[in-house]
1. Suppose R0 equals 51 Å. What FRET efficiency, 1/(1 + (r/R0)^6) with r the Cβ-Cβ distance, do B:ASP317 and B:LEU517 give to the nearest 0.05?
2. What lysines does B:LYS641 reach when the alpha-carbon gap must be under 22 Å and sequence neighbours fewer than 8 apart in one chain are set aside?
3. Between the stretch B:287-352 and the stretch B:566-644, what is the separation of their alpha carbon centroids in Å?
4. Among residues other than B:GLU308 whose Cβ falls under 14 Å from its Cβ, what is the net charge (Lys/Arg +1, Asp/Glu -1)?
5. Tell me the accessible surface of A:MET170 in square angstrom (1.4 angstrom probe, heavy atoms of protein chains only), to the nearest ten.
6. Counting Lys and Arg as +1 and Asp and Glu as -1, each charge on the Cβ, what is the dipole of chain B about the Cα centre in debye, to the nearest 20?
7. Would you list which aspartates and glutamates come within 12 Å of B:LYS688, measuring only between C-alpha atoms, while excluding same-chain residues fewer than 8 positions from it?
8. For the stretch A:42-93, what size does the Cα cloud have along each of its three principal axes, sorted from largest down, in whole Å?
Amino acid sequence: MKTRNLRARANCDGASRGPGRWVVRVLAALALSLATGLSFAGDEVAQPIEFPHDIHAGKMGINCMYCHTYARRSRVSGIPPLRKCIGCHQSIESVKDKPRIKKLFEYWEKKEAIPFKKVNDLPDFVRFSHERHIQRFYFQLGRPVEEVCGYCHGNVRGMTVDVKVEPLTMGWCVACHQKDHPNGKPGVVVDPARVIYPRMETADRPAQLVIADTSHGPNDCWQCHK
Amino acid sequence: MKNVQRRDFLRVLGWGGASASVGACGFTSIDSGVETVKSYVEPEDFNIPGIAVYYASTCTQCEALCGVVGRVRDGRVLKLEGNPVSGINQGKLCGLGQASVQHHYNPDRLRAPLMRQDGGLKPVSWTDAMATLLDKSAATKDGRFAFLTGPVSGHLKVLVRNATESLGSNQHFTYDPLSTRVNRAAADQLFGAESPRLLLDQAHLIVSFGADFLDTWVSPVHFAGQYARFRRASDSKPRGVLVQIEPRMTLTGANADRWIAIRPGSEGVLALGLANALLTGKSAASVAVPPAIATAAAAFDKTRVAAETGVSEEVFDRLVRLLRERAPSVVLSGPSAEGHVHGSSNAQAILALNWVLGNVGKTVLLPPKLPFPQIAPESGDTASLQQFTAGLAAGKFDTVFLHDVNPVYSAPAFLKYKEIFPKAGFKVVFAQYLDETAREADLVLPVDSALEDWGTHLPAYQPEGLELTLQQPLMERLYPDGTRSVGDVLLELLKRRRPEEYKGFADYYAYLRAALLRNRSAFVDAPGDDEQFWTEALSKGVLRVNAQEQHVPAKAANVELDFAGATQAADAQYPFRLAPAVRASLRDGRNANLPWMQETPDTLTTIVWDSWAEVHPATAKRLGIVDGDILEVASASGSLKVQAYVFPGIHPDVIGVPLGQGHESMGRYADGRGANPFRILDPVFDRKTGELAMYATRVRVTKTGARGHVVKDEGWKSGNLKTQAGRKLVVTVAADKAKLSEEV
């Protein structure tokens with residue numbers, strides 16, 4: 001009966017009830033996952049304004065962090081403040097009559113936030129920090145922004161409204177955290193007593209060479225489950 | 001059954017090996033497109049989603065009015081911390097203060113005004129509610145309006161007074177069920193200030209007659225900080241010694257080096273006995289002591305004191321020796337000494353010891369003189385509720401407003417408040433919950449939580465200088481269309497009644513800002529322009545007032561002692577005294593709907609979510625009472641049923657029942673829990689001030705035969721390791737085995 005705790009996914013129940021259909025589904029699932037190598041595709045989400053990432057990030061080549069300005073400074077990347085959209089669009093006459101832009105200015109005139117729907121979300125017991133990932137991969141390792149954001153968000157240059165492209169499960173996170181991402185820094189001599197991770201040295205051991213800045217992501221439970 | 005299990009198994013299998021074809025289910029527990037994420041429209045630069053900012057405000061959970069800073073992230077207040085700028089709490093905050101976020105996010109908050117229609121309270125719009133309020137107020141004849149509030153200070157007090165006056169009345173009553181009026185009156189007479197400044201940290205000895213200054217008395221967070229320094233030995237002073245004298249042990253008593261269980265009401269006798277012993281051999285001219293004290297004290301020798309107080313001669317001698325050797329000291333008087341028919345005399349005799357010992361001017365100082373009497377704290381008392389009730393009974397009031405009080409719950413049964421309340425024609429109650437009083441009202445106006453409201457406060461106890469504390473919203477209203485600030489409602493009333501004076505103020509915020517800016521010169525360090533002053537004031541949360549220092553008088557004013565009734569013959573019918581103990585968590589019951597406070601174990605008994613009656617082990621043995629017996633505690637005025645807790649920290653003739661529980665209508669966490677000892681208090685009053693004598697009620701205790709289960713973390717029972725998983729996590733030693741220091 002333990003398995004009962006794992007069910008109750010309302011939106012998965014619904015239409016196809018009955019053991020027979022489940023068998024079919026599972027078989028199909030297994031076959032497909034073998035064929036595609038555990039691919040994932042999120043649901044299309046209806047947004048109040050169908051924001052075209054393909055135009056902004058793709059055609060115009062705007063850096064992700066120009067709009068998602070909080071990503072490098074905070075835990076969350078944040079939806080850009082409405083003022084940011086208006087800042088550019090008040091001077092872009094060519095698209096002013098487009099329905100999406102008209103809608104944008106309607107919100108602005110009402111001074112009302114646009115009620116976008118969350119596409120990528122994590123459970124409340126997971127503390128994911130955009131800041132740490134951007135700082136490490138973009139600023140420290142100098143990788144291109146579309147690659148860094150793309151690790152989790154995929155190629156938004158090919159999307160209009162954002163779609164979830166990765167499962168964002170713990171296993172998926174850990175898979176990446178176990179990879180080496182060398183930062184090219186030399187190791188530093190530190191007091192082993194101060195290093196809790198990755199080696200559990202005891203205080204009576206002499207100071208030794210450890211790479212304080214580990215080259216792969218942290219593996220402690222508490223790093224994400226605070 | 002088998003079928004179900006199989007299906008479950010298949011489902012899990014399906015999600016475990018999930019792929020795109022199963023509709024993207026099973027990968028995470030969070031789906032796309034379910035929750036809404038709103039951005040800021042025009043944020044301030046420092047507003048970054050995910051990163052908290054801190055705003056200064058004032059904690060209004062008790063009279064201490066500590067400064068707080070609230071941690072606010074993504075527009076939600078998350079946690080309060082002490083404001084380091086505040087001289088009162090200096091960056092610290094107690095559990096009750098922390099719990100004020102639960103008043104704010106409480107699920108039982110009122111979200112729409114309620115009006116009595118066809119006998120029941122029905123939700124109405126604010127527009128209708130305000131229209132009714134204004135019409136009914138306008139129709140009230142001169143002198144037939146009254147306003148009952150809790151303790152109030154600052155600009156809200158000005159608005160309350162002016163609103164009352166604008167309705168042609170001067171009937172503003174300030175009610176505090178846990179009033180310290182007796183203490184304040186005695187201090188005023190002896191030292192010339194109601195709340196003298198106490199330098200506990202400078203003292204070498206504190207003798208406290210029931211003043212629970214670490215937990216519930218006056219300004220507990222401030223005193224706890226002082227106490228820590230008092231206890232720390234330094235080059236200039238030894239480790240301080242604390243002696244607590246009270247019939248029922250408080251947290252301060254539990255921290256004391258010596259705790260003395262005294263016969264309730266005889267505290268003044270002990271104080272006079274001490275004065276007598278200390279004055280012996282000294283010429284009257286050499287000490288500045290009120291003559292009446294010196295005269296009265298002469299009659300109280302050691303033997304008489306021991307007989308009347310139950311404090312042994314040996315303990316008395318030790319106490320005298322301590323007082324002689326450890327100067328300067330502080331002698332405090334608290335509610336258990338003051339809650340008697342001769343409470344004022346007790347307080348005066350106790351506080352006069354500070355004159356006898358030469359503490360006045362050393363550890364007992366005067367606060368500066370307040371330049372603005374109109375915003376001075378109105379600390380409230382119980383006598384004002386009696387006057388208000390008398391007015392209601394006489395049919396003097398057509399319209400009454402009640403704010404920050406719950407007299408239907410906290411008035412003793414003998415006042416018959418609930419029965420008399422309907423005599424007022426139109427009853428408006430400003431409330432956060434539909435509490436016992438709001439339930440009886442004709443119009444209930446839901447007010448903002450303390451974390452949504454503006455305000456200024458002037459703490460009655462001022463530890464350094466003179467601080468005016470600012471209260472500002474830590475977040476937007478949770479129910480923007482549901483609740484309003486009391487200040488805004490009163491201002492709207494005043495705009496109608498006195499348009500010339502008030503039409504310039506858009507709202508309560510504008511009124512406060514204008515009032516403070518107009519008096520800028522009254523504050524210390526107010527440089528720059530108005531905008532800079534205001535921004536700085538809000539970011540600090542505290543304004544220091546330029547005030548004239550006051551010096552203690554050289555000689556004490558005389559007092560009139562009246563100990564008639566101090567020693568009463570035993571009452572065969574009601575042999576025990578009731579000690580209605582104040583808990584730091586629930587206080588007068590207004591915090592009973594905070595689950596954190598219900599869940600916080602009582603400081604000494606560790607009982608949670610309930611009421612109990614503390615019974616001395618000897619008394620329990622005599623009456624055959626064990627933990628969990630349901631007792632009937634009955635006074636001449638009423639009775640209540642409550643579970644017994646055998647507790648050694650209480651005088652054998654006293655039954656302690658904590659205040660705060662026994663709500664009928666306060667919210668889901670409070671209702672139907674425990675018993676309310678306010679109800680069974682006897683009509684006994686302090687002779688001088690007319691205050692309700694809280695500790696004078698006589699009760700009898702009978703076993704009902706029913707049994708309850710005392711839910712607690714850990715008892716006093718030393719060596720009982722049952723709840724410590726068999727491991728000696730906290731090692732305890734019985735009090736009689738501990739080596740008390742020789743001198744204490």
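The values are calculated or read from the model by the stated rules, or taken from the named source; none is laboratory data. Treat the numbers as computed from the prediction; the structure is a model and nothing was measured. All Cβ positions, glycine included, derive from the backbone under ideal geometry; neighbour counts span all protein chains shown. Accessible surface areas use protein heavy atoms only, side chains included; no ligands, DNA or RNA. Shrake-Rupley method; radii C 1.70, N 1.55, O 1.52, S 1.80 Å.
1. Values: r = 61 Å, r/R0 = 1.19.
Efficiency, rounded to the nearest 0.05: 0.25.
2. Hits, sequence-local ones excluded: B:LYS416, B:LYS418, B:LYS621, B:LYS703, B:LYS712.
3. With the stretch B:287-352 and the stretch B:566-644 each reduced to a Cα centre, they are spaced 28 Å.
4. Values: positive: B:ARG263, B:LYS302, B:ARG304; negative: B:GLU267, B:ASP301, B:GLU313, B:ASP653.
It works out to a net charge of -1.
5. Counting only protein heavy atoms, A:MET170 exposes about 130 Å² to solvent.
6. Values: 81 positive and 81 negative charges, 303 e Å.
Roughly 1460 debye, rounded to the nearest 20.
7. Once the sequence-local aspartates and glutamates are set aside, what remains near B:LYS688 is B:GLU338, B:GLU560, B:ASP562.
8. The Cα atoms of the stretch A:42-93 stretch 34, 29, 21 Å along the principal axes, largest first.
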